[in-house]
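See below for the structure under consideration.
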């Protein structure tokens, strides 16, 4: 997969405190994987490389509003997320309580996300991009290749990967700029994701390799 800034964008899934901070609601499940992969540091490296080399950056966030708690059916991990109010926001039309919350970005990411150039698309509600405007926003900018990273490896990242590939995008996954839950009964989500990335993505590379490639083009 050959990338260049004219038709390749960086897409970051759920770079939010609930899955990347020790105070986050998912930390007990994902913290070990985040630390082992140096996920926070590697996401930051990709942000820096994207901004320095003029790649467009898109954020696909995860938000749940009070009205979403009226749902009647939930997937397995979705049920866990809803029970602890992970990614919770007080409403679609307000930022009350957002600053510094689990749904907010880590402070070290804010200079990159809040620079007036990064595109924050509509929230996805389950795992994939089928219900937000990521595909539309990429297409409107003639983007057909994606450098994909973020959280969680085996859920939202893999679901975005599958959806992007189905729409004809070429996708490079940054394997250490992500992490996943390791559940005592459900298993190691990161190992599962790596296997599927290898089968599905056009390329699976480390942060260092991706940063070098972005600088080269």
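Separation of the range 69-127 from the range 183-217 is 23 Å, based on Cα centroids. Using bins of 5 Å that start at zero, the share of Cα-Cα pairs per bin across the range 144-217 amounts to 3, 17, 28, 24, 16, 8, 3, 1, 0, in whole %.
Label separation (residue 144 vs residue 209): 2.4 nm, computed from points 7 Å beyond Cα along the C-beta direction.
Cβ-Cβ distance of residue 92 and residue 117, R₀ of 30 Å, FRET efficiency by 1/(1 + (r/R0)^6): the value works out to about 0.80. Here the peptides 52-58, 84-90, 7-13 are ranked by packing, the mean other Cβ count within 10 Å, and the order with the highest first is 7-13, 84-90, 52-58. Using only Cα atoms and rounding to the nearest 10 degrees, what angle (0 to 90) does helix 39-52 make with the longest principal axis of the chain? Between helix and principal axis, roughly 40 degrees. Put simply, the C-alpha atoms of the range 1-61 give a gyration tensor, and the ellipsoid matching it has half-axes of 26, 11, 9 Å, longest first. Take every pair of alpha-carbon atoms less than 8 Å apart whose residues are at least six positions apart; their mean separation over the length of the range 8-216 yields a relative contact order of 28 percent.
Dividing the Cα radius of gyration of the chain by its Kirkwood radius returns 0.93 for Rg/Rh. Extending 7 Å from the Cα toward the beta-carbon at both residue 85 and residue 41 defines two label points whose distance is 3.4 nm.
Taking only Cα atoms, what is the 0 to 90° angle, nearest 10, from helix 27-37's long axis to the longest principal axis of the chain? Once rounded, one gets 20 degrees.
Its DSSP H runs of at least 4 residues, each contributing -39,500 (n - 2.57), put the calculated 222 nm mean residue ellipticity of the chain at -10000 deg cm²/dmol, to the nearest 500.
Got a sec? Which residues in the range 169-205 would a label at residue 217 touch, if it sits 7 Å along Cα→Cβ and we count backbone N under 14 Å? What the label zone holds, given the 14 Å backbone N cut-off, is 169-174, 202-205.
Helix 189-200 and the long axis of the chain differ in direction by around 40°, with both axes built from C-alpha atoms. When 160, 45, 124, 183 are sorted by how many other C-beta atoms sit within 10 angstrom of their C-beta, beginning with the fewest, the order is 183, 45, 124, 160. In this rough spin-label picture, where each label sits 7 Å from Cα along the Cβ direction, the residue 110-residue 196 distance is 3.3 nm.
We did not get these values from a lab; they are worked out from the coordinates using the rules stated. Not measured: the values here are computed from a predicted model. When we count neighbours, we look across all protein chains shown, and the Cβ atoms used for this are built from the backbone with ideal geometry, even at glycine.
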